[in-house]
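The values are calculated or read from the model by the stated rules, or taken from the named source; none is laboratory data. Quick caveat: nothing in here was measured; it's all calculated off a predicted structure. With ideal geometry, Cβ positions are generated from the backbone for all residues, glycine too; neighbour counts draw on all protein chains shown. SASA here: full protein model, heavy atoms, side chains in, ligands and nucleic acids out. Shrake-Rupley method; radii C 1.70, N 1.55, O 1.52, S 1.80 Å.
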Amino acid sequence: MPSSAHSIQIQGAKVELPHNLPVAVYGVTQDQQDYLWLAAEFDGLLRFDGQQYLRFAPPGPKRNLSYSQVVTDQKNQLWVGTWGNGVWRLDELRKNWQHVSALPENARIQSLLLSASQVLWIGTTDGLYQLSPGSMQAELWQPLAGQRIWYLAEQDNGIWVATSNGLYQLASSTATDSGWLPQKRFLNKEIRTAVQGQQLLVGLQSHLYLLDLTQPEQLVQLTFGNSNTMLAESQNSWLIGSIDGMFRLTSTDEGLKRELLLLLSMLGDSSATGLAKFG
């Protein structure tokens, strides 16, 4: 943290007013007061009101953390993932921090997903954990122990989990109906992203695949490097964040088409803001 930043008091919590703009932002959420909260690698947890940033830090010796994810729940609490110090909760008044227990020491958080049932799914570099509503003790999802969890996306038919060893469908709160997608192309492969629209779009390290789950033998593919995040825009178009920028991907009769929307690469520009975690 810059030594020139000065401290102020806001709602009883000690925060800092940084002098520099964030360099690398890996997670963004909006709370019920319409503040934007940014999880930044070098600049901490930042609140942006449209004009200025405020930096919030948890108590204790590990204040200068690298933040990887942030989500907001129905109670307006913030759940914040770090790269090396687990998950923290910042209460709705932005006064009190609490550390989620039962995660591995120095847990590196790759992804967070707050499901419709308010279960917090925590994707780490060493497995998937779940945190039930009202609890602060995480539980390991045993079928994915040891897996690096790249990405989580919830759809009507469950949660898709992109892992270092394939694509997993988490169909319910028990392991009975869950399992690996039995598509040979994805088995034992590192899956970076997956999102369900009318079809399943799957990102590997060097390709994107479009899969119709009713006809799993039919695949449409496109050479595409490191798709780090996805958002379904319509039934046949998606926004893709990658190390090469932000793209719109469209499914047409001729195949998958991509359009560069915004260059986010940090190469050659130390002031660029990145939105992809982690290479």
Please compute the modelled spin-label separation between Phe42 and Val23, points set 7 Å along Cα→Cβ, answer in nm with one decimal. 0.1 nm
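Suppose R0 equals 25 Å. What FRET efficiency, 1/(1 + (r/R0)^6) with r the Cβ-Cβ distance, do Lys75 and Asp156 give to the nearest 0.05? Please report the intermediate quantities before stating the final value.
Numbers: r = 25 Å, r/R0 = 0.98.
Working from the Cβ atoms, E equals 0.50.
Counting only heavy atoms of the protein chains, get the accessible area per residue of the stretch 24-68 (1.4 Å probe) and round it to a whole Å² value. Kindly include the intermediate steps, with their values, before the conclusion.
Values: 2070 Å² over 45 residues.
For the stretch 24-68, the solvent-accessible area averages 46 Å² per residue.
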For Glu16, Glu105, Glu259, give the ranking by accessible area with the largest first, probe 1.4 Å. Glu105, Glu259, Glu16
Taking the Cβ-Cβ separation of Ser206 and Ser132 as r and a Förster radius of 41 Å, what is the calculated FRET efficiency to the nearest 0.05? 0.65
Let me cross-check Leu222: its accessible surface, 1.4 Å probe, with only protein heavy atoms counted, in Å² to the nearest 10? 30 Å²
If each residue of separation counts as 0.36 nm, what is the full-extension length gain between Glu190 and Gln142 once their alpha-carbon separation is subtracted? 15.4 nm
Using 7 Å Cα-to-Cβ label points, what is the Gln33/Leu231 separation (nm, one decimal)? 2.4 nm
